[in-house]
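Following: one structure in structure tokens, then a few remarks.
The values are calculated or read from the model by the stated rules, or taken from the named source; none is laboratory data. All values derive from a computational prediction rather than experimental measurement. Glycine also receives a Cβ, built like all others from the backbone with ideal geometry; neighbour counts cover every protein chain displayed. When the accessible area is computed, the model is the full protein with side chains, heavy atoms only, and any ligands, DNA or RNA have been set aside. Shrake-Rupley method; radii C 1.70, N 1.55, O 1.52, S 1.80 Å.
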Amino acid sequence: HHSTINMSADNKLFVGNINSSVQTNDLHEIFKQYGDIENLVIGRDGKFSIITYQTPESALEARWATNGTLINDCRIRVMIHGKKDMPSEANIVVSNLENDVTAQDLDAAFKEFGDVVSSKVSYNTEGESNGYGFVQFASV
């Protein structure tokens, strides 16, 4: 049986800031909850992964659900792969955040203003919020 690989990048996720102790099957267990995974590879340095879902819907759902979550003490950063050449003026800094605000909260707060490609809250070495974060939109 021959499966056709969907070449549209919208079904691929880039997962960054992975703890080097995390194994392929650990990621598979977490990300398979959001849809059928065609491919999952961890980069040579162990700090990032590319996950290919069968559908863009699964990739998007996984991105919303997992971005900024803790895996083995590292907050992963999840974005749709292939959206690298974003206009810098579409990247905004969000300050005066409450300590419990997460990347998912930023996603939810800013998605009404456009296509949020990635969001991130800055944390100190103790894992406490620095009170600011970033939201990257697909376009201005």
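Can you give me the number of residues within the stretch 80-125 that are under 17 Å from ASN67 (Cα atoms), among the β-branched types (Val, Ile, Thr) and free of Cβ contacts under 8 Å to residues at least 40 places away in the same chain?
Here the count works out to 4.
Which members of the stretch 72-131 meet the condition of being at positive phi and of a type outside the set (S, T, N, Q)?
Result: ASP73, GLY82, GLY114, GLY127, GLY131.
Identify all residues within the stretch 84-140 that are farther than 22 Å from ALA62 by Cβ, open to solvent by less than 30 Å² (accessible area, probe 1.4 Å) and part of a strand (DSSP E or B); write none if there are none.
Answer for the stretch 84-140, where residues must be farther than 22 Å from ALA62 by Cβ, open to solvent by less than 30 Å² (accessible area, probe 1.4 Å) and part of a strand (DSSP E or B): VAL94, SER122, SER129, GLY131.
Of the conditions (1) open to solvent by 80 Å² or more (accessible area, probe 1.4 Å); (2) touching a residue at least 40 places away in the same chain (Cβ under 8 Å), ASN67 satisfies every one except a single condition; which number is it?
Of everything listed in (1) open to solvent by 80 Å² or more (accessible area, probe 1.4 Å); (2) touching a residue at least 40 places away in the same chain (Cβ under 8 Å), ASN67 misses just condition (1).
For GLY16, all conditions in the list (1) under 15 Å from the mean Cα position of the chain (by Cα); (2) surrounded by 18 or more Cβ atoms within 10 Å (Cβ to Cβ); (3) modelled with pLDDT of 90 or more hold save one; what is the number of the exception?
(2)
Within the set of pairs 6+ apart or on separate chains, which have a first residue in the stretch 17-28 that is at negative phi, a second that is of a type in the set (D, E, K, R) and assigned to a loop (DSSP other than H, G, I, E, B), and C-beta atoms under 7 Å apart?
Pairs that qualify, where the first residue is at negative phi and the partner is of a type in the set (D, E, K, R) and assigned to a loop (DSSP other than H, G, I, E, B), are ILE18/LYS47; ASN19/ASP73; SER20/LYS47.
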